[in-house]
Amino acid sequence: MDFERPWVLVCGSIAIDFLGDYDSSFEQYEERYKIKGLNISLKLSELRSSFGGCGMNITYGLHKLSVPVIPLSVAGPDYLEHYQKHLTNLGIETKYIFVDETLPSSAKALIISDKYGNQITGFYAGASPSPLRKLPSEVKHIEFCRFGVLAPEDPSIMLAQARNLAKLDIPIIFDPGQGIAEFSKVEIDELLYLSSILMINSHEYEILLKNSNLSKEDVSTVLEQVIITHGIDGVDVYESGNIVHITAVSGVSVVDPTGCGDAFRAGYVYGLMQNYTTATCARIGCVIASMNLEHKHTQTYHCDEESLRKVYQSTYREVLN
């Protein structure tokens, strides 16, 4: 891959996912049983492991869309067993994935999904906070980097990467993810100030507003773009005081919702790299998310620019040039 032309840096975790399927719905469980202190017991119809980590899932989607991308992360020694070969076979750059052999393992995620795609998630950071992690300025050809994506990690890690990217004048896409509940007001304020774009789902956005004591107007004023995803209800794009709602792709089989948010982000960033409007970027994100939704695991869906254009045109009734 040629990195002496515009490319994307993805700072984020590399993880092994353990994915469980619950054939009923969490809502029905709540109706049947009184839940105290979130104590629940679920019978799973399937439990499987797969390659994951928000940073690597976004990297996968960008790579499938032929966007030059470099992931910046730290893994544990278990990465060398299978994950490294998986990425190498895909043709993804692995030079800046560092292995800390003093730690027991890479990050791990346990995700249980019900039949409607609702999820319960637990995350273990593993090797992600390792001091072996490099800064963006240490990546070769960083002067050609067009966007730095900060995928969900510990606040201290995201702040260090953001401060470094800001010094390099590289636009930052802030994606705090499920970890936003652990961020302080001071950390949120600084990350928003340093970033150009916020990408977040509606539940996480409410937590961000609560923890920061900011209003929606405050957040949209600080940033160039605020992208809020609502699952099957589509996406809201805030830009220059305007709000645009984009519908999700309909008629999609729900096979596995895990990683759909990451797939959306990959599609959106692809659109940014093509200089599309924010509305078009959001539609592209919805298309890639729908492709992910129809496949088990987070790095198995098939997409390229041709299939993207086909689904985009059939869904939104316009040609993607």
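The values are calculated or read from the model by the stated rules, or taken from the named source; none is laboratory data. Note that the coordinates shown come from a computational prediction; the quantities given were computed from them, not determined experimentally. Backbone-built Cβ (ideal geometry, glycine too); neighbour counts: all protein chains shown.
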| Of everything in segment 7-28 that's in contact (Cβ under 8 Å) with a residue 60 or more places away in the chain and more than 30 Å from Leu87 (Cα to Cα), which residue is surrounded by the most Cβ atoms within 10 Å (Cβ to Cβ)? | Phe26
| request: Examine segment 91-106 for a residue that is closer than 20 Å to Ser49 by Cα, crowded, with 20+ Cβ neighbours inside 10 Å and not acidic (Asp, Glu), and state whether such a residue exists. | output: yes
| query | Of the conditions (1) within 17 Å of Ile200 (Cβ to Cβ); (2) modelled with pLDDT of 95 or more, Lys167 fails just one. Which one is it? | reply | (1)
| request: With respect to Ile228, determine if the residue is surrounded by fewer than 16 Cβ atoms within 10 Å (Cβ to Cβ), out of contact with any Gly (no Cβ under 9 Å at 6 or more places or on another chain), over 25 Å from Ser156 (Cβ atoms) and not acidic (Asp, Glu). | output: no
| said: Which pairs turn up if I take residues in segment 281-294 that are more than 8 Å from Val235 (Cβ to Cβ) and touching a residue at least 12 places away in the same chain (Cβ under 8 Å) and look for partners that are among the charged types (D, E, K, R) and assigned to a helix (DSSP H, G or I) with beta carbon separation below 8 Å, at least 6 apart in sequence or on another chain? | reply: Asn292/Asp262
| field | Selection from segment 209-253 of residues that are at pLDDT below 95 and among the basic types (Lys, Arg) | value | Lys216
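Determine whether segment 140-148 contains at least one residue that is crowded, with 19+ Cβ neighbours inside 10 Å and closer than 21 Å to Asp78 by Cα. Explain how you work it out, then say what you get.
As a first pass, look at segment 140-148 and keep what is crowded, with 19+ Cβ neighbours inside 10 Å: 142, 145, 147-148.
From what's left, closer than 21 Å to Asp78 by Cα: none.
No; the residues of segment 140-148 include none that is crowded, with 19+ Cβ neighbours inside 10 Å and closer than 21 Å to Asp78 by Cα.
Answer yes if at least one residue in segment 166-176 is of a type in the set (A, V, I, L, M), within 19 Å of Tyr268 (Cα to Cα) and touching a Cys at 6+ places or on another chain (Cβ under 9 Å), and no otherwise. Quick ask: steps written out before the conclusion?
Narrowing segment 166-176 to residues of a type in the set (A, V, I, L, M): 166, 168, 170, 172-173.
Among the residues that remain, those that are also within 19 Å of Tyr268 (Cα to Cα) are: 170, 172-173.
Next, only the ones that are touching a Cys at 6+ places or on another chain (Cβ under 9 Å) stay: 170.
Scanning segment 166-176 turns up at least one residue that is of a type in the set (A, V, I, L, M), within 19 Å of Tyr268 (Cα to Cα) and touching a Cys at 6+ places or on another chain (Cβ under 9 Å).
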| task | Residue by residue through segment 131-164, note down the ones that are more than 20 Å from Leu208 (Cβ to Cβ), touching a residue at least 40 places away in the same chain (Cβ under 8 Å) and in contact with a helix residue (DSSP H, G or I) (Cβ under 8 Å, 6 or more places away or on another chain). | result | Arg133, Pro136, Ile142, Cys145, Arg146, Phe147
| Is there a residue being of a type in the set (S, T, N, Q), more than 19 Å from the chain's Cα centre (by Cα) and over 20 Å from Met158 (Cα atoms) anywhere in segment 254-261? | no
| query | under 17 Å from the mean Cα position of the chain (by Cα) and among the β-branched types (Val, Ile, Thr): does that describe Ile111? | reply | yes
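Residues Tyr205, Tyr316, Tyr312, Tyr268: which one is buried (at least 19 other Cβ atoms within 10 Å of the Cβ) and either farther than 30 Å from Lys108 by Cα or touching a Phe, Trp or Tyr at 6+ places or on another chain (Cβ under 9 Å) (or both)? Before you say what the answer is, go through the steps one by one.
Details: Tyr205 fails: either farther than 30 Å from Lys108 by Cα or touching a Phe, Trp or Tyr at 6+ places or on another chain (Cβ under 9 Å) (or both); Tyr316 fails: buried (at least 19 other Cβ atoms within 10 Å of the Cβ); Tyr268 fails: either farther than 30 Å from Lys108 by Cα or touching a Phe, Trp or Tyr at 6+ places or on another chain (Cβ under 9 Å) (or both).
Being buried (at least 19 other Cβ atoms within 10 Å of the Cβ) and either farther than 30 Å from Lys108 by Cα or touching a Phe, Trp or Tyr at 6+ places or on another chain (Cβ under 9 Å) (or both) holds for just one of Tyr205, Tyr316, Tyr312, Tyr268, which is Tyr312.
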| task | Please identify the pairs in which a residue from segment 51-64 that is buried (at least 24 other Cβ atoms within 10 Å of the Cβ) has its Cβ atom under 7 Å from the Cβ atom of a residue that is among the basic types (Lys, Arg), counting only partners at least 6 apart or on another chain. | result | Ile58/Arg265
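Pick from Lys216, Lys167: which is exposed (fewer than 13 other Cβ atoms within 10 Å of the Cβ), farther than 29 Å from Tyr22 by Cβ, touching a helix residue (DSSP H, G or I) at 6+ places or on another chain (Cβ under 8 Å) and of a type outside the set (S, T, N, Q)? Steps first, answer last, please.
Values: Lys216 fails: exposed (fewer than 13 other Cβ atoms within 10 Å of the Cβ).
The conditions single out Lys167.
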| segment 284-309, subset crowded, with 21+ Cβ neighbours inside 10 Å and among the β-branched types (Val, Ile, Thr), residue nearest to Thr258 (Cα to Cα) | Thr298
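With the condition being closer than 28 Å to Thr121 by Cα and free of Cβ contacts under 8 Å to residues at least 12 places away in the same chain, I'd like the strands (runs of 3 or more DSSP E) fully within segment 207-261 carrying at least 1 qualifying residues.
Working: elements: 225-229, 235-239, 242-246.
Filter on segment 207-261 gives 235-239, 242-246.
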